[in-house]
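The block underneath contains the structure these notes are about, expressed in structure tokens.
The values are calculated or read from the model by the stated rules, or taken from the named source; none is laboratory data. The structure displayed is predicted, hence computed values, not measured ones. Ideal geometry is used to build each Cβ from the backbone, glycine not excepted, and the neighbour counts take in all protein chains shown. All accessible areas refer to the heavy atoms of the entire protein, side chains included, with ligands and DNA or RNA removed. Shrake-Rupley method; radii C 1.70, N 1.55, O 1.52, S 1.80 Å.
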Amino acid sequence: MLDVRNLEVRYGEFRAVHGVSFTVEDGELITIIGANGAGKTSILRTLMGFQPAYRGTITLNGKEITHLSAHERAKLGIGIAPEGRRLFGDMDVQENLEMGGYLIQDKSLLKQRLEAVYARFPVLKSRRNQRAKTLSGGEQQMLAIGRTLMGDPPLVLMDEVSLGLMPKYVQEVFRIIKELNEEGKTILLVEQNAKKALSIAHRGYVLETGRFRWEGEAQQLKDNPEVQRAYLGG
Amino acid sequence: MLGQQLINGFTIGSIYALIALGLTMVYGVLKILHIAHAGVYAMGAYIGLWVYRLVPNLFLAMLAAMFLSGVAGILIERFLYKSMLDKSRIVPLIASIGLFIAMEETFRIIAGPYVKAFSVHFRQKPWILGSARISAPQMLVFGVTIVLLVLLWWVITRTRMGKALRAVSMDREMADALGVATEKIILLSFFISSALAGAAGVLVGVFYNSVYPTMGDIPAYKALAIIVLGGMGSIPGTILGAFLIGISETFLIGYVNVPLPRDALAFIVMIAVLMFRPYGLLGKE
């Protein structure tokens, strides 16, 4: 589904990502783990089209999308649950979800999706007329995921979705990611919580200062003593 | 006396609101201070006057002024600001001041440096409410302002495009990722902003029976005071700020013997509010 070749990302002179290559197949749940500042978010931002690729190519379902804008990529079926959630704080819950379904022209389909998201996250339904910024951290994360699901993108990019949540919600978020994948969504998950991420992913990549140090089946990475020492707390 | 001051204050406030709303909307989507907005306002007054002299129909003059001002706004975004968005904020600000001066000079060259009368004969008699009276031009100002504010409110809260506009002003990148063609939405916000300024230009022209090249000078900085007071980028805050400034001006002039020009008062009110609410009335950190 997604094929990334020699992707390099720069901010001015600073090279954040040094030519990484990876693939995400249909239906896979892939994780990129690594420390803060390793370049994980830069990769996702470039995949979504927030950040231009300095070098390399991004191909989605055989079509090169390296130079498309974010809204063009959204139309081709990429959705993002970004770092920091990025909700529209002054809009209410329902308006945030409607923005998630911005590309849907058919009103009844929009309503159907809305009901599906409310069914998955009942707490959002009870807060539908509340401003997004007044929700708790966990509820905001549910809304951010729900907003992404509104557009029903086949490929979902998730950036640090468990960051800053209470342990109860961390469990919940990982459960939902796994569930979405089992329902057929292809997911690329960027995480600092390596243990949890590897426990639900099929395959993983370990990013260190802009390069992949290790890659492979999630179980292999979990069993790798070096990965264990550096990322899994021994 | 009190009632009359209030009516006068609301009249001035209405005009300020129409001008400052555009400034706040542009700030919301692009985070730049669009000083040339006051030039668009003066342009609206000239267009209104010109059309009114061709066809003495105020409604038509207003529509033409709004539409052409809106188009001018789109051209300004497209050909001036668009290329500067990745530069420091000071670059579009200076370009905007430059454009504003150029526009004023263009009005002077085309229409002459003198004040032109925008005389409209109203058949409507003033309404008398106790000791206060609402003149026909005031009714026009209120009527147009109410209609435009309701329309704006409807667009930004009820339509898909309007919601996208709010989303872009809250987080442009995220709106883009959800499929919003943000560049089109920015052009839309320039069109709406500039059309509101054009309407304000016509109202002021008619209300004071005068149109002149530098009529945008005072609104240029007063609108800044208003949007800072209201909380940069906040539409309800700007409306509140505009009426607060309009009413405080009339009251301070009417009741207190302030040894300052009227136009300095906006800044005194702004400073007073910012001491207690540093992000403005409805602004956020």
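Each Cα pair under 8 Å and six or more residues apart adds its separation to the average, and for segment B:2-218 the resulting relative contact order is 43 percent. Expressed as a whole percent, the accessible surface of the protein assembly as shown that belongs to carbon and sulfur atoms is 60, based on a 1.4 Å probe.
The B:Met275 and A:Lys63 beta-carbon pair, evaluated with R₀ = 56 Å, returns a calculated FRET efficiency of approximately 0.50.
Taking amide hydrogens as placed 1.01 Å from N in the peptide plane, the amide H of B:Leu282 sits under 5 Å from those of B:Gly231, each at least 5 positions away in sequence or on another chain. Dividing the helix sum by the residues of the protein assembly as shown, where each DSSP H run of 4 or more adds -39500 (n - 2.57), gives a mean residue ellipticity at 222 nm of -18500 deg cm²/dmol. If a spin label sat at a point 7 angstrom from the Cα of B:Ala136 along the line to its beta carbon, the backbone N atoms of segment B:206-232 nearer than 14 Å would be those of B:206-207, B:209.
Taking 16 Å as the straight-line reach from the Cα of A:Lys222, the aspartates and glutamates in range (excluding those fewer than 8 positions away in the same chain) are A:Glu191. Annotation for segment A:155-234: GluC sites (Glu not before Pro) lying in DSSP loop with at most 11 further Cβ atoms inside 10 Å of their Cβ are A:Glu183.
The GluC sites (Glu not before Pro) of segment A:1-65 that DSSP puts in a loop, and whose beta carbon has at most 11 other beta carbons within 10 Å, are A:Glu13. Helices assigned as whole DSSP H runs in chain B whose Cα atoms extend at least 18 Å along their own long axis and whose mean Kyte-Doolittle hydropathy is -1.0 or higher are found at B:2-30, B:37-54, B:58-76, B:90-111, B:136-158, B:182-207, B:217-230, B:235-255, B:262-276. Helix A:137-150 and the longest principal axis of the C-alpha atoms of chain A enclose an angle of approximately 90°.
Computed from the C-beta positions of B:Ala117 and B:Lys82 and an R0 of 41 Å, the FRET efficiency is 0.60 to the nearest 0.05.
Taking loop as defined by DSSP and a crowding limit of 14 other beta carbons within 10 Å, which trypsin sites (Lys or Arg not before Pro) in segment B:51-124 fit?
Hits after loop and neighbour filter: B:Lys87, B:Arg89, B:Arg123.
Comparing A:Asp26, A:Asp92, A:Asp223 in a Gaussian network model of chain A where C-alpha atoms under 10 Å apart are linked, the largest mean-square fluctuation is found at A:Asp223.
Largest GNM mean-square fluctuation across B:Val258, B:Val155, B:Val115, computed for chain B with C-alpha springs under 10 Å, falls on B:Val258. Largest GNM mean-square fluctuation across B:Gly216, B:Gly254, B:Gly205, computed for chain B with C-alpha springs under 10 Å, falls on B:Gly254. Residues in segment A:118-129 carry Karplus couplings, in order, of 5, 5, 6, 10, x, 4, 5, 5, 5, 10, 4, 9 Hz; the curve used is 6.51 cos²θ - 1.76 cosθ + 1.60 with θ = phi - 60°, and Gly or Pro positions show x.
Taking 29 Å as the straight-line reach from the Cα of A:Lys111, the lysines in range (excluding those fewer than 8 positions away in the same chain) are A:Lys75, A:Lys125, A:Lys133, A:Lys178, A:Lys185, B:Lys163, B:Lys184. In this structure the amide hydrogen of A:Ala81, modeled in the peptide plane, comes within under 5 Å of the amide hydrogens of A:Leu157, A:Met158, A:Asp159, none closer than 5 places in sequence on its chain.
Return the FRET efficiency for the residue pair A:Arg10, B:Val91: r is the Cβ-Cβ distance, R0 is 35 Å, and the value is rounded to the nearest 0.05. It comes to 0.95.
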